[in-house]
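**Q** First the structure, which I've put down as structure tokens, then a few questions once you've had a look.
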Amino acid sequence: MQWAIIVFGCGMLGFVGQTLLNSSFQLESAGLAATMQYVEIVYAEVWGVLIFGENPPWQSICGAALVMCCALMTLLKKKEPVAPPKK
């Protein structure tokens, strides 16, 4: 019975996560939302270390740092004002 609760909980969390992800693509520009989706790779690596005790290779650590830096740069990037159309 415990496994059924775990499977149900994982399914519900996946459903909520996918719903929130879809909402983010509707509310924000696709470029920014897609960049933030790459952060999922970093989260997967962190969960692998915390739950399964994996030791990631240095390439994974460098890649995760690169992804996080790019995501941070995207968040901090100033949006350029759009010029009004000329008449």
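Nothing in this text is a laboratory measurement; each read-out follows from the coordinates by a stated rule. Just so you know, these numbers come straight off a predicted model, no measurement behind them. So basically every Cβ, Gly included, is an ideal-geometry build from the backbone, and we count neighbours across all protein chains shown.
**Q** Is it fair to say Leu32 is among the hydrophobic types (A, V, I, L, M, F, W, C) and either within 20 Å of Gly17 (Cβ to Cβ) or surrounded by 10 or more Cβ atoms within 10 Å (Cβ to Cβ) (or both)?
**A** Yes.
**Q** Here is a follow-up. Going residue by residue through the stretch 8-23, is there one that turns out to be among the aromatic types (Phe, Trp, Tyr) and touching a helix residue (DSSP H, G or I) at 6+ places or on another chain (Cβ under 6 Å)?
**A** Among the residues of the stretch 8-23, not one is among the aromatic types (Phe, Trp, Tyr) and touching a helix residue (DSSP H, G or I) at 6+ places or on another chain (Cβ under 6 Å), which makes the answer no.
**Q** A further question follows. Could you count how many residues in the stretch 8-29 are more than 13 Å from the chain's Cα centre (by Cα) and either closer than 26 Å to Leu66 by Cα or not β-branched (Val, Ile, Thr) (or both)?
**A** 13
**Q** All but one of (1) surrounded by fewer than 11 Cβ atoms within 10 Å (Cβ to Cβ); (2) not in a loop (DSSP other than H, G, I, E, B) hold for Lys86, so report the exception by its number.
**A** (2)
**Q** Out of the residues in the stretch 35-58 that are within 16 Å of the chain's Cα centre (by Cα) and of a type in the set (Asp, Glu), state the one that is surrounded by the most Cβ atoms within 10 Å (Cβ to Cβ). Walk me through it before giving the result.
**A** Kept after step one, since they are within 16 Å of the chain's Cα centre (by Cα), are these residues of the stretch 35-58: 35-48.
Those left that are additionally of a type in the set (Asp, Glu): 40, 45.
Details: Glu40: 12, Glu45: 17.
Looking at residues that are within 16 Å of the chain's Cα centre (by Cα) and of a type in the set (Asp, Glu), I get Glu45.
**Q** Just name the residue that is nearest to Lys77 (Cα to Cα) out of those in the stretch 24-37 that are of a type in the set (Ser, Thr, Tyr) and touching a helix residue (DSSP H, G or I) at 6+ places or on another chain (Cβ under 9 Å).
**A** Taking the stretch 24-37 and keeping what is of a type in the set (Ser, Thr, Tyr), we get 24, 29, 35.
So of that shortlist, the ones also touching a helix residue (DSSP H, G or I) at 6+ places or on another chain (Cβ under 9 Å) come out as 24, 35.
Details: Ser24: 18, Thr35: 13 Å.
Checked the stretch 24-37; the qualifying residue nearest to Lys77 (Cα to Cα) is Thr35.
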